[in-house]
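S.K.: Below you will find the structure I want to go over with you.
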Amino acid sequence: MIVGPIDPANGFPMWYKDENGLKLAMNANAFDPLSIVTPQDLPDPNSPVSFPDNFPSEAFYMLAEAEMTTGTGERALLVLALEAAFAEEIPREGDQLVFGRVRIRVSGLRANEEYVVTHPYGTDTFIAEVADDDEPEVGEIRFSEDIGEVQDFESALESRVHPFLQWDPTVAPAAPEGYIGDPAIPHQITGSLFIDETGAPQNIFRIQGPGIGIGSPDASVTPGFNPDNTIETMLFTLAGKLSTVSGLDIERANFTRTEEGTGFIDVFVKSETTPQDIQVSGDGVTPAGLIGGNGVYFARTEYVGTTPLDTVTVTNVSDVPPTVKTAAPVDFVWAEAIYDTDASTLTVIASSSDEAGNPELTLEDFGNGIFTIPPEGTLILTGLNIVPGSITVQSSSGGVTEVSVVITGGNTDPLPVTAIAGTDQTVLWGSNVTLDGTGSTGAIESYNWVQIGGEPVVLNGSETDQPTFAAPSLDTLLEFELTVTGPEGGTSTDTVTITIRETVPAPVADAGPDQLLSPGSEVTLRSRSTGVISDYNWSQVSGPPVTLTNPDSPVSTFTFPNQQATLVFELTVVGPGGSSSDTVEISAAEDVLAITRAEFRTRDAEWRISGTTTATNGVTVTIYLGDDLNGPVLAEAIADNLGEWEFRVEGSSITPDNSRSISVQSSLGGTLLDIPINIRQ
C-alpha cells in the first residue's frame, strides 16, 4: 500500500492505494449520503465543509463494520478502518494523522475462557476478561489496535488494514458508482488475503468459543463448525470513496539566471506511479509538460524577466478535477565542505544558479557563528573547536542546501592522560589499605605508585591501578604519588594522603529530611551523613515494597507506588570507627486530576472521556454518572506512565442523566465533580 500527495485543502493525503491498485480518497463531505460524516459532525451543520473552521474531527478512507448477537443477547462488534483524525481530536493544522484500526468488542462471554475471532485482516485469540467484579463469571473482549503517527502518514501503512475491502461484485446489488459500498446496506465483501479453515478467503466475521452460539441468531451454519460454539456473519456495512485524482507534490522549483539574461525554471514533482499529464505554467513562463514516469516528473522551461518569479503553477490535468499547486522558485545552491584535521581548517565552496542576481551566500551557525561566503565562492575557517557532520548554506535568493562535511588528514590528537589518585582516607592500625587510581583518564599505558611521605610501607602491585599495603601500628600520615604514562611519553601525577589512627570516631548517619510527594514520582534518597565512611546501605523498613537503585551508595532512587502510603527507609553508614543508622519517611499526597474531553455521541451511543493525573504507572480513575460521587459508576480507566487515561466505548446502554455531567475520582483520592458532558449526534 502507498500514500498519495498531500491535499492543500486539508493537509491529509489525497489517497491511499492498496496492493490491488484500489485507490481511496478521504471522504469528509458531510453532505454526501454515502459518507460516514454527517452535518451534525460539523461545528456549523448549515455551512459547507472547510478546513479547519468547519471540519469533522474524524473521517475515513475506508470503514467496515460487522455486528452479531451472542447467545446471551449481547453485541459483538468488528470495526476495520483507515481513519483520518487529529492528535487532540480538534481540527487544526499540524495535528493531522491517519491510522489503521482493528477494533473488536464482544460482551456476555464466559470469563477466563478462550475465544478465537476470525476477520478479513487476520485471526486473533483472546481470553475473555471479567467485565464486572459483581459478576465475575461474565467476560468480555475489548480490543483496539490503532497504528499511525501524527504527520507521519506512511506509518499507517504498518497497520493490518490492507488491501481495502469492497462489496462482492457477484452479489447484488452492485456498489454505487464511485464507491466501494453503501454504509447503510449490509453486504457481502471481498478483499481478504487470509484463508480460513474451510479454504475460503476470510471475508467473514466469526467468533469461536464456549457456548457463544447457543440461542444466537448468528449461530454458524458453515459445515464443520459447531453452532453452539460459533457465531458468524458475512454481512458488513462498508464506506469508502474511489479517488478520481492522483494529485502531485512539488519537490523542488529552482530558477537559473545567467549574466547573459537567460532564465530557466526547473521543476521536480512526485505523483501517482501510473502515467500522469502534468504541466507547469506561470506569468512569463513558457508552458511545458513534465517528463518522467513511475511517480517522478521533471521539466525545465524558459521564463522571461530580469527578476525571479513569485510563483509557478503546476497542474495535474489527468485529475478530475485537475489538481493545482503553486511554488515560489528559489535559486539552486551548490556546495561542498572539507575539514582538514592536520590544518584544523574547514573549507566551504558554494555557488548559486542566480548568476545575474549575485545573491549573498551565508554559512548557517553550527556553533561558531554565521559567516558570509566571499563573492569568489570559497570560505576557509581556521582553528575550529567545533566540527559539524554537515553544513547548511543559505542564499539571499531563497535557496538552501545541506551537505555532509568531508574529512581529510590524519588522526586527531589522542586524549592526554590525567592521574587521579583517589580520595584521602582515614584507616585503623593494621588494616589492609587499597589505593585507587581507577578514576584516571586518557590513553593510559602504565601506572606507577611511590610513597613520598610517612612511615615506609611495602606497596603490593605498585604498577597497577589499585595497589595495597598493610597499615602500620601507629598514628601517622602516609602520602603516595601516582604517575600515569600515555602515548609518546606523556605523563601526569597526583597524590593521596592516608591517615592512620588507633581509633576513629564512628560516622553519624543522616538519611535526610522526610518528603511529601505525589504517587508515581521518582524519589531520591540522599545521605547527609558525616564522619569517615567506607560503606553505605539503604534498606526499606516499612510500606509497599519498592526497588531501590544503587542502595550501596550515598544517593539511591526509586519510584513511589501509585497509592496513598508512607514508606520508611533506613540508612546505615559504616566506617573504621563503627556504624550508625538513621531513618527517613516518604509519604504520598493526593494526585491532581484534569479532564481533556467529556463527550457522548447519540448516533452510536458512544462515550469519549479522557483526562490526566499527576500520578503515573497505573492509577485507576473511576468515572461516575452525575454531579457527585453518589451516581452510578460509568467506567474505570487506567492511567499510563505519562498520567494520561481514556474511556471510549460505542453502543453503550448507559446514557447521560438529567445533570448532563460526570464526576471522577482516582484511586489516590484526586477528585473532580460536576464536569459538563458535550452531547453530540
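The values are calculated or read from the model by the stated rules, or taken from the named source; none is laboratory data. These figures come from a predicted structure and were not determined experimentally. Please note: Cβ atoms are built from the backbone with ideal geometry, for glycine as well, and neighbour counts cover all protein chains shown.
S.K.: Of the conditions (1) crowded, with 17+ Cβ neighbours inside 10 Å; (2) in a loop (DSSP other than H, G, I, E, B); (3) modelled with pLDDT of 95 or more, residue 449 clears all except one; give me its number.
M.R.: Residue 449 satisfies all of (1) crowded, with 17+ Cβ neighbours inside 10 Å; (2) in a loop (DSSP other than H, G, I, E, B); (3) modelled with pLDDT of 95 or more except (2).
S.K.: Sort out for me the strands (runs of 3 or more DSSP E) sitting completely within region 98-191 that have 1 or more residues that are surrounded by fewer than 16 Cβ atoms within 10 Å (Cβ to Cβ) and without any contact (Cβ under 8 Å) to a residue 60 or more places away in the chain.
M.R.: Counting at least 1 such residues, we get 122-127, 129-132, 135-147.
S.K.: Here is a further query. Pick from 495, 483: which is surrounded by fewer than 17 Cβ atoms within 10 Å (Cβ to Cβ) and not in a loop (DSSP other than H, G, I, E, B)?
M.R.: 495
S.K.: Only one of these conditions is not met by residue 325: (1) assigned to a loop (DSSP other than H, G, I, E, B); (2) buried (at least 17 other Cβ atoms within 10 Å of the Cβ); (3) charged (D, E, K, R). Which number is it?
M.R.: Here residue 325 meets the rest and fails (1).
Residue by residue, here is whether (1) of a type in the set (D, E, K, R); (2) outside the structural domain of residue 647 (by TED's automatic domain parsing); (3) within 27 Å of the chain's Cα centre (by Cα); (4) modelled with pLDDT of 95 or more holds:
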residue	(1), (2), (3), (4)
120	no, yes, no, yes
130	no, yes, no, no
134	yes, yes, no, no
169	no, yes, no, yes
190	no, yes, no, yes
200	no, yes, no, no
215	no, yes, no, no
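S.K.: Mind checking which residues of region 364-399 are surrounded by 15 or more Cβ atoms within 10 Å (Cβ to Cβ), aliphatic (A, V, I, L, M) and farther than 17 Å from residue 344 by Cβ?
M.R.: 373, 393
S.K.: Among the residues of region 48-85, write down those that are in contact with a Pro (Cβ under 9 Å, 6 or more places away or on another chain) and either farther than 30 Å from residue 188 by Cβ or of a type in the set (Phe, Trp, Tyr) (or both).
M.R.: 49, 51, 52, 53, 54, 55, 57, 61
S.K.: Moving on to the next point. Any residue at all in region 334-351 that's surrounded by fewer than 19 Cβ atoms within 10 Å (Cβ to Cβ), within 27 Å of residue 249 (Cα to Cα) and touching a residue at least 60 places away in the same chain (Cβ under 8 Å)?
M.R.: Yes.
S.K.: May I ask you to list pairs of residues, at least six apart or on different chains, whose Cβ atoms are under 7 Å apart, with the first in region 660-681 being under 10 Å from residue 622 (Cα atoms) and the second being hydroxyl-bearing (Ser, Thr, Tyr) and modelled with pLDDT under 90?
M.R.: 666/613; 666/620; 667/620
S.K.: Taking residue 444 and the conditions (1) in contact with a Ser or Thr (Cβ under 8 Å, 6 or more places away or on another chain); (2) of a type in the set (A, V, I, L, M); (3) modelled with pLDDT of 95 or more, which numbered condition does it fall short on, given that it satisfies the others?
M.R.: Evaluating residue 444 over (1) in contact with a Ser or Thr (Cβ under 8 Å, 6 or more places away or on another chain); (2) of a type in the set (A, V, I, L, M); (3) modelled with pLDDT of 95 or more leaves (3) as the failure.
S.K.: Scan (1) free of Cβ contacts under 8 Å to residues at least 60 places away in the same chain; (2) under 30 Å from residue 508 (Cβ atoms) for the single condition residue 609 breaks and write down its number.
M.R.: Result: residue 609 passes all but (2).
S.K.: Which one is nearest to residue 133 (Cα to Cα) among residues in region 612-642 that are under 22 Å from the mean Cα position of the chain (by Cα) and polar (S, T, N, Q)?
M.R.: The qualifying residue nearest to residue 133 (Cα to Cα) is 617.
S.K.: Could you look through region 281-304, keep only residues that are out of contact with any Lys or Arg (no Cβ under 9 Å at 6 or more places or on another chain) and among the small types (Gly, Ala, Ser), and pick out the one that is farthest from residue 265 (Cα to Cα)?
M.R.: It comes out as 293.
S.K.: Out of (1) touching a residue at least 60 places away in the same chain (Cβ under 8 Å); (2) in a loop (DSSP other than H, G, I, E, B); (3) farther than 21 Å from residue 508 by Cβ, what's the single condition that is false for residue 544?
M.R.: Looking at each condition in turn, residue 544 falls short on (1).
S.K.: From (1) farther than 24 Å from residue 251 by Cβ; (2) modelled with pLDDT of 95 or more; (3) touching a Phe, Trp or Tyr at 6+ places or on another chain (Cβ under 7 Å); (4) not basic (Lys, Arg), pick out the condition that doesn't hold for residue 59.
M.R.: (3)
S.K.: Right, here's the next one. Given the structure, is residue 340 over 34 Å from the mean Cα position of the chain (by Cα), among the charged types (D, E, K, R) and assigned by TED's automatic domain parsing to the domain that holds residue 271?
M.R.: no
S.K.: Could I ask something else about it? Among the residues of region 5-22, are any outside the structural domain of residue 295 (by TED's automatic domain parsing), over 13 Å from residue 243 (Cβ atoms) and touching a helix residue (DSSP H, G or I) at 6+ places or on another chain (Cβ under 7 Å)?
M.R.: no
S.K.: Where the second residue is in a loop (DSSP other than H, G, I, E, B) and the first is touching a residue at least 40 places away in the same chain (Cβ under 8 Å) and lies in region 621-632, which pairs have Cβ atoms under 8 Å and are six or more apart or on separate chains?
M.R.: Taking only residues 6 or more apart or on different chains, the pairs are 621/639; 621/667; 622/667; 624/630; 624/631; 624/632; 627/659.
S.K.: Let me ask another. Determine if region 432-448 includes at least one residue that is aliphatic (A, V, I, L, M), touching a residue at least 60 places away in the same chain (Cβ under 8 Å) and farther than 30 Å from residue 309 by Cβ.
M.R.: In the first step, residues of region 432-448 are kept if they are aliphatic (A, V, I, L, M); the result is 433, 435, 443-444.
The next check asks that each one be touching a residue at least 60 places away in the same chain (Cβ under 8 Å); those that pass are 433, 435.
Those still in the list that are farther than 30 Å from residue 309 by Cβ too: 433, 435.
Within region 432-448, one or more residues are aliphatic (A, V, I, L, M), touching a residue at least 60 places away in the same chain (Cβ under 8 Å) and farther than 30 Å from residue 309 by Cβ.
S.K.: Here is a follow-up. Only one of 561, 576 is of a type outside the set (Gly, Ala, Ser), farther than 30 Å from residue 88 by Cβ, buried (at least 16 other Cβ atoms within 10 Å of the Cβ) and within 32 Å of the chain's Cα centre (by Cα); which?
M.R.: Residue meeting the stated conditions: 561.
S.K.: (1) farther than 19 Å from residue 144 by Cα; (2) of a type in the set (Gly, Ala, Ser); (3) assigned to a loop (DSSP other than H, G, I, E, B); (4) touching a residue at least 60 places away in the same chain (Cβ under 8 Å): which one isn't true of residue 598, the others all being true?
M.R.: Checking residue 598 against (1) farther than 19 Å from residue 144 by Cα; (2) of a type in the set (Gly, Ala, Ser); (3) assigned to a loop (DSSP other than H, G, I, E, B); (4) touching a residue at least 60 places away in the same chain (Cβ under 8 Å), the one that fails is (3).
S.K.: Separate question: Going by the structure shown, is residue 24 under 30 Å from residue 227 (Cβ atoms), of a type in the set (A, V, I, L, M, F, W, C), buried (at least 17 other Cβ atoms within 10 Å of the Cβ) and modelled with pLDDT of 95 or more? If you could, list the steps in order and put the result at the bottom.
M.R.: Numbers: under 30 Å from residue 227 (Cβ atoms): no; of a type in the set (A, V, I, L, M, F, W, C): yes; buried (at least 17 other Cβ atoms within 10 Å of the Cβ): yes; modelled with pLDDT of 95 or more: yes.
So residue 24 does not fit the description; no.
S.K.: Do the conditions hold for residue 511, that is, is it assigned to a loop (DSSP other than H, G, I, E, B) and either of a type in the set (Asp, Glu) or more than 48 Å from the chain's Cα centre (by Cα) (or both)?
M.R.: no
S.K.: Starting from region 76-87, keep only residues that are over 30 Å from residue 212 (Cα atoms) and in contact (Cβ under 8 Å) with a residue 24 or more places away in the chain, then list their pairs with residues that are hydrophobic (A, V, I, L, M, F, W, C) and not in a strand (DSSP E or B) whose Cβ atoms are within a distance under 7 Å, requiring at least 6 positions of separation or different chains.
M.R.: From residues that are over 30 Å from residue 212 (Cα atoms) and in contact (Cβ under 8 Å) with a residue 24 or more places away in the chain, the pairs are 84/12; 84/26.
S.K.: Identify, by number, the condition in (1) touching a strand residue (DSSP E or B) at 6+ places or on another chain (Cβ under 8 Å); (2) surrounded by 19 or more Cβ atoms within 10 Å (Cβ to Cβ) that residue 319 doesn't meet.
M.R.: (1)
S.K.: Among the residues of region 210-239, write down those that are in contact with a strand residue (DSSP E or B) (Cβ under 8 Å, 6 or more places away or on another chain) and at positive phi.
M.R.: Within region 210-239, just 211 meets the criteria.
S.K.: A further question on this structure: Which is aliphatic (A, V, I, L, M) and either farther than 29 Å from residue 205 by Cβ or at pLDDT 95 or above (or both), of 81, 30?
M.R.: 81
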